[in-house]
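Peer 1: Provided herewith is a single structure, encoded as structure tokens, for subsequent inquiry.
Read-outs: derived from the displayed coordinates by stated rules, not from any lab. Quantities reported herein were computed from a predicted structural model and do not represent experimental measurements. Note that we place each Cβ from the backbone using ideal geometry, even for glycine, and neighbour counts take in every protein chain shown.
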Amino acid sequence: MIPAPGGLLDWRDARHFDRWQDRPCALCDHLTPMRSHAGEPVHKSCAETWIAAHPVEARLGRFASDAQAGRRHRGDHA
């Protein structure tokens, strides 16, 4: 799921955090433990800013949110 420009990425899954090694962010060069789905070191905020600045390229899925299959939202009642 790719957020709309200005939207926020949902990176709650632990696979987005490398607790062993900080590496330079692919977008700003500052160290980060964060990883994209592809394992690219990148701050979540840098990825969100990149999506907003590159909306056409963002549709190719360089940065995406975690799938939220089966997740209920407040107000959804069965």
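Peer 1: Would you please give the residues with an amide H less than 5 Å from that of M34, counting only those at least 5 places away or on a separate chain, with H modeled from the backbone geometry?
Peer 2: Residues meeting the criterion, in which the H sits 1.01 Å from N, are D18, V42.
Peer 1: Now for a separate question. Please list, by residue number, everything in region 37-63 whose backbone N is under 12 Å from a paramagnetic label point 7 Å out along Cα→Cβ of R12.
Peer 2: none
Peer 1: Per residue of the chain, what 222 nm ellipticity follows from adding -39500 (n - 2.57) for every DSSP H run with n ≥ 4, rounded to the nearest 500? Each step should come with its number before you reach the end.
Peer 2: Numbers: 2 runs with 14 residues, N = 78.
Per the formula, -4500 deg cm²/dmol.
Peer 1: Using Cα pairs closer than 8 Å and at least 6 residues apart in sequence, work out the relative contact order for the chain, in percent. Write out the running numbers ahead of the final one.
Peer 2: Working: 108 pairs, mean separation 28.1, N = 78.
Answer for the chain is 36 percent.
Peer 1: Oh, and also: Mind pulling the angle between the C-alpha long axis of helix 44-53 and the longest principal axis of the chain? Nearest 10 degrees, somewhere in 0 to 90.
Peer 2: Helix 44-53 sits roughly 80 degrees off the main axis of the chain.
Peer 1: Let me know the shape class of the chain, please: from the alpha-carbon gyration tensor, a ≥ b ≥ c as square roots of the eigenvalues, rounded when a/c is under 1.5, otherwise prolate if a/b is greater than b/c, or oblate.
Peer 2: Working: a/c = 2.55, a/b = 1.42, b/c = 1.80.
Verdict is oblate for the chain.
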